Amino acid sequence: PASLTVDSGLGLAMDGLQPGRETCRRCKEARVDLCRRHWALPILGEWDCSEKGGLHLVSEFAKVTGGLALYEKARSRADLPNATSRLSPYLRFGVVSPRSLHYALRDAALPAEAKQVMSRRLFWRDLAYFQHWCFPQMSTRSVRPHHDLQEWTSGAEGKQFLKAWTTGYTGYPMVDAAMREMAQTGWMNQAVRIIAAGFLTEFLNLPWQDGHKWFNDQLIDADAPINAMMWQNAGRAGVDQWNFVVDPEAGSQDPTGEYVKRWVPEVARLRAFGVDVMHRPWTATPSQLKAAGIDLGATYPNRIITDLPAAREKTVRAMHRMLLQHPEWRTGAGHD
């Protein structure tokens, strides 16, 4: 098969493309960004994969005027491109050493309280590696084994839910924006990863393994121990179960609406009626939907679930049934 050496100098080859051209020999598709065989091209255009590029990100992030100064308070803002370091792919592949980042953070001319969360997250990386060493099967099996026995959404409904989630067509703009960003760039902000993960496990009642498998396939920073640790916690099966649920409707990670506007353009024009309306298109009036060119169920999907409290209650009841059926995994005080 022919290959393409990407002009950006990344030195990466892609199967099925003619050298130096943007036409696929196999499908004759001139718009390669629309060709499923060439899914990696948008990702390659998003990143400078070199060591020089990674070290430049470290330097810029650690400046007094860089992202580190924002990180403590703004790290959950998906609408601010410099609110996080975007260094996770470089750490994942060893392009940037965690020690290099550690010393850059230590030496940054900022107060200690402005650096503590980012510094602590470097140690989370080692925590994940330690957990993976203790539980080598944690990529597929729950650290709390009885949690694998929970009754999950299954059959046609389960397949429908999973397809809507993986493709970014759940009808919830923040969830859909997260999943589409990951498909296009191979990455997303940690805060919206939590939204997407919580939506799958808490509201759709699908096993964390489904999410872990998809993230492992889609993320360019997918790291086996970190991905497993975070998904296990999202599914309440890990060492440090999440004790919170993030509202997929609220849009607090996108107060300006820029994030959803970019990744879910179908609802972008609703922002004229308020960011809250854009984040909850089902609350728009018929006249607002018409003005924004939206036909719910046609141009943008209806919500796959409409009653979030009831959906979460269903998940909680399924978990409680599982716990009651397996008292051998519980202490007298009720702990795993």
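The values are calculated or read from the model by the stated rules, or taken from the named source; none is laboratory data. Computed from a predicted structure; not experimentally measured. Note: ideal-geometry Cβ built from the backbone for every residue, glycine included; neighbour counts use all protein chains shown. Note: accessible area is taken over every heavy atom of the protein model, side chains too, but ligands, DNA and RNA are not part of it. Shrake-Rupley method; radii C 1.70, N 1.55, O 1.52, S 1.80 Å.
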* Structure fact -> In region 310-336, anything among the hydrophobic types (A, V, I, L, M, F, W, C) and over 15 Å from Arg236 (Cα atoms) is listed as Ala310, Ala311, Leu324, Ala333
* To do: Scan region 104-118 and report the pairs whose first residue is β-branched (Val, Ile, Thr) and whose second residue is in a helix (DSSP H, G or I), with Cβ atoms within less than 8 Å and a gap of 6+ or a chain change.
  => Val117/Tyr71; Val117/Glu72
* **Filter pass, Trp282 being open to solvent by 20 Å² or more (accessible area, probe 1.4 Å), over 30 Å from Pro136 (Cα atoms) and touching a strand residue (DSSP E or B) at 6+ places or on another chain (Cβ under 7 Å)** => yes
* To do: Starting from region 255-271, take each residue that is under 17 Å from Leu289 (Cβ atoms) and outside any helix (DSSP H, G or I) and list its partners that are open to solvent by 10 Å² or more (accessible area, probe 1.4 Å) and hydrophobic (A, V, I, L, M, F, W, C), counting only C-beta distances under 7 angstrom and pairs at least six apart or across chains.
  => Gly257/Val275
* To do: Out of the residues in region 296-322 that are in a loop (DSSP other than H, G, I, E, B) and among the β-branched types (Val, Ile, Thr), state the one that is surrounded by the fewest Cβ atoms within 10 Å (Cβ to Cβ).
  => Thr306
* Residue among Arg271, Arg236 that is of a type in the set (Lys, Arg) and within 30 Å of Phe130 (Cα to Cα) -> Arg236
* **Considering residues of region 52-111 that are of a type in the set (S, T, N, Q) and assigned to a helix (DSSP H, G or I) only, the residue surrounded by the fewest Cβ atoms within 10 Å (Cβ to Cβ)** => Ser59
* Mind listing just one residue for me: the one in region 148-174 that is hydroxyl-bearing (Ser, Thr, Tyr) and over 15 Å from the mean Cα position of the chain (by Cα) and, of those, most open to solvent (accessible area, probe 1.4 Å)? => Ser154
* Counting only residues that are within 22 Å of Thr170 (Cα to Cα) and crowded, with 22+ Cβ neighbours inside 10 Å, how many does region 231-252 have? -> 5
